[in-house]
Every structure is written in structure tokens, then in C-alpha cells.
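See below for the structure under consideration.
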Amino acid sequence: MQHSTTRVIKCFGFLLLSAAIFTPGHAAETGPAGSVMSGKTGRVAIAPGFDAAGDFSDGLAAVRVGGKWGFIDKSGTMVIRPRFVEGDAPFNARFSDGLAAVRIGDKWGFIDRSGKIAISPRFSGDDYSPPSFAEGLSVIRDGYKYGYIDTTGKFTIAPKFDRAWNFSEGVAAVQDADGTQGYIDRNGDYLGARRYSSASSFHEGMAAVKIDGEYGYIDRSGNVVIAPRFDMASSFSDGVAAVRIGDKLEYIDKTGKTILEPQFNGTVLNLLGEGFSEGLIAVELGGSTRIAGPVGKFGFMDKSGSMVIKPSFSFASNFSDGLASVSVGGKYGFIDKVGRFVITPSFTDAASFAEGLARVRIGKKYGFIAR
């Protein structure tokens, strides 16, 4: 799918008490200095009381309390007590297929949903990108080579690749010692003999690949379905992909036809992994792209190129669960697809909804809200 015992227990007790006060279904509560914590349809589901928190995945979210990481469920109950130090269970380590990566010493292993070690820590890994399961397999680095293990910790594909990525739609992109990339199936067999300068994961039945210096798209059989002609190409999302030719950005459909040539600064966000979501995409008008920091105004564009929600936000994330996190006047709230605020801008920060809950920050503490 990033970051004494008695003190932890006391803090945990406080969190449970707070969660009981701010239970789902109660009227809107007030935060620091009387700020409104929920709008017309939002409500606090888990009270802000964590020093840091990740998004929910597989029904659990990583939280940091007193310098250590644990995991809570959607009721706010600490189901895995905080015992992992910073770096050993970063906030981007999340549960998938019932397991989450943790580091013990300098090796990575996996815990189950009860917090017990399910796969002993014996693998190398990256602090900023811990291993995770996808479709029942996880990429694992053993020494200087990459392979795949199943949920029992057994290598099902031996470590023999110089790089490897998680499975998506039944196949995975891998890199050989000569730097070329290709695709393997769940048995570790290559899908065809062709290799590419770059091979991305499959999404919506297609993958962007680089052939002779240009990007195009192939299907699961390895057939070129959109001829290479782009300098950059993103994955398909909602049936649309962003591509670049020179300095010109455009959006194409699955036939390769250009359906949109936006002039909005910020559409490059799609090339960084944020495509259309629920029929809309957040774009920035004026200023610089998000890489340099949002200094223009953000709005939302549909696939016809119409700006359906006018640029009026300091920042905006794509829609998820029918709502998008936006910033106005230094505070974050949530709007619906007509641009109407349904959760009042009152948060220091707010992430997109995931599994029905959104991570928010009030002052220096993190909690979660529901719609």
C-alpha cells in the first residue's frame, strides 16, 4: 500500500477515553480554540491523540504514541500495542493480505493482525519503502537480489532479479542484470522474450513500456496496443492516461487517441502517479506545480477538459469515497463533486478517505474522521 511502559499505557487509556467521548453519531465537537471538528456530514470517529498516523489498510492503521508505533482498528482500539521504534514500523508500513512489515534490528519480517511475528525478520529492505504483499506475494531483497515470498515466508520465486516490483493484475515487472526489464508470471516465468528499457506495472489491462527511447503501451499478451511515441507516460486510471511529447502534456484513451490537451499547470501530477479518480482530477491553475509547492489555485477538471470545480483552493487532493481534501485559508476540509463543503475546513492537515475514514491533524495530534 513512513513514521516507559507505564507512560504508554496511560496514554492509551486517555485515547480510549477520548474515543468514547467522540463516538460516531454524536453532534459535531469543537477542537482547539473552539474550531469546528466536523461539518454537516462529517464526524470524529477516532479522537486526535496520536503523534503520527498512517492511513487505514486492511482495517488497521499504524499510529505513533510516545515514540513507538502500534496499530489501531477502526474503533480506535489499540490492537497492536506501540512497541516498534521509529524506523521499525514507519507509517507507510501497512497491512495487506493480513500482514504488515516490521523491522527488528536491520532485518525485515512480518507481523499478523494480532501483532505476533508471522514471518521471522531475515530480509533486507528499504526504510522508506518496506516490503508489502500484493496478490498474495511480496517482493523481498535477499542480499543484492530480489525475489518473491508467499504469506508463509517461503520463497516461491527465487531471488535472481536486480530489481522487482509487486504483482499487479497477475504479473510483475522485473529487471535483469543487463538493466533491461520485462514481466514474469506467478511461477517466475517470463511472459515472452521481449525486454524493455523501462516497464511499468499493469493497470486496467495495459502497461507503459519504453521501446527504442519512446514510451508506448502493451497488453497482457505483450502486444503493442499504443505505438511508442511519448517522452513520458503514466499508468491508466479511470480509462485515461497522461502522456508527454516534448513539453506538451495531454491525456489519451485506451486507443491512444488524444481526448484532452489541458493547459493547466499541475497536470504533471498524473505523471507522478495521480491520475483521474472518480472521473475528476485535481489541477493547479497558475503558479508552479506541486513539486515546488502549491502557489497557484487548485480546482478539478473532468475528462472533457471542463473545469467543473473552479480553482479556488490553496491545495487539493483527488477524490476518494466521493470527497476530496482541499485547503482554504490554511485549513483543510472536504468537498463533494459539485465543490460544496460537506466537512468544514478546520484541520491543520487532512488526507484522503481510505476505507471510510480520513486521517486528520488538529494542532500537533492526529485522529480520524468519518463522513
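Taking the criterion of being touching a Pro at 6+ places or on another chain (Cβ under 9 Å) and either under 24 Å from D58 (Cβ atoms) or surrounded by fewer than 16 Cβ atoms within 10 Å (Cβ to Cβ) (or both), the residues of segment 331-361 that qualify are F334, V360, R361.
Can you confirm whether segment 315-324 contains a residue that is farther than 17 Å from E284 by Cα, in a strand (DSSP E or B) and modelled with pLDDT of 90 or more? So that I can check it myself, show each step before the final result.
The initial filter retains those residues of segment 315-324 that are farther than 17 Å from E284 by Cα, namely 320-323.
Then drop every residue that is not in a strand (DSSP E or B), which leaves 320, 323.
The next check asks that each one be modelled with pLDDT of 90 or more; those that pass are 320, 323.
The answer is yes; a qualifying residue exists.
Just checking: which of the strands (runs of 3 or more DSSP E) contained wholly in segment 193-270 hold 2 or more residues that are at pLDDT below 95? Fully inside segment 193-270 and qualifying: 241-245, 248-252, 258-260.
Of A47, A89, all but one fail to be modelled with pLDDT under 90, open to solvent by less than 60 Å² (accessible area, probe 1.4 Å) and closer than 30 Å to F334 by Cβ; the exception is A89. Would you say R94 is assigned to a loop (DSSP other than H, G, I, E, B), buried (at least 21 other Cβ atoms within 10 Å of the Cβ) and either more than 25 Å from the chain's Cα centre (by Cα) or at pLDDT 60 or above (or both)? Considered against the rule, which asks whether it is assigned to a loop (DSSP other than H, G, I, E, B), buried (at least 21 other Cβ atoms within 10 Å of the Cβ) and either more than 25 Å from the chain's Cα centre (by Cα) or at pLDDT 60 or above (or both), R94 comes out as yes. Scanning segment 169-186 for residues that are among the hydroxyl-bearing types (S, T, Y) and over 23 Å from D212 (Cβ atoms) turns up nothing. Report yes if K254 is surrounded by fewer than 18 Cβ atoms within 10 Å (Cβ to Cβ), among the basic types (K, R) and either closer than 25 Å to E278 by Cα or under 26 Å from the mean Cα position of the chain (by Cα) (or both), otherwise no. Considered against the rule, which asks whether it is surrounded by fewer than 18 Cβ atoms within 10 Å (Cβ to Cβ), among the basic types (K, R) and either closer than 25 Å to E278 by Cα or under 26 Å from the mean Cα position of the chain (by Cα) (or both), K254 comes out as yes. Figure legend. Inter-residue proximity from segment 102-119: first residues closer than 17 Å to Y146 by Cβ, second residues modelled with pLDDT of 95 or more and outside any strand (DSSP E or B), beta-carbon distance below 6 Å, spacing 6+ or different chains. Indicated pairs: I119/G153.
Checked against the criteria, Y196 does not count as within 25 Å of D219 (Cα to Cα), open to solvent by 70 Å² or more (accessible area, probe 1.4 Å) and of a type outside the set (K, R).
When G188 is tested against (1) outside any loop (DSSP other than H, G, I, E, B); (2) open to solvent by less than 30 Å² (accessible area, probe 1.4 Å); (3) over 29 Å from M78 (Cα atoms), only condition (1) is not met.
The values are calculated or read from the model by the stated rules, or taken from the named source; none is laboratory data. As the structure is a prediction and not an experimental result, all values here were calculated from the model. Neighbour counts run over all protein chains shown; Cβ positions are idealised from the backbone, glycine included. For accessibility, only protein heavy atoms count, side chains too; no ligands or nucleic acids. Shrake-Rupley method; radii C 1.70, N 1.55, O 1.52, S 1.80 Å.
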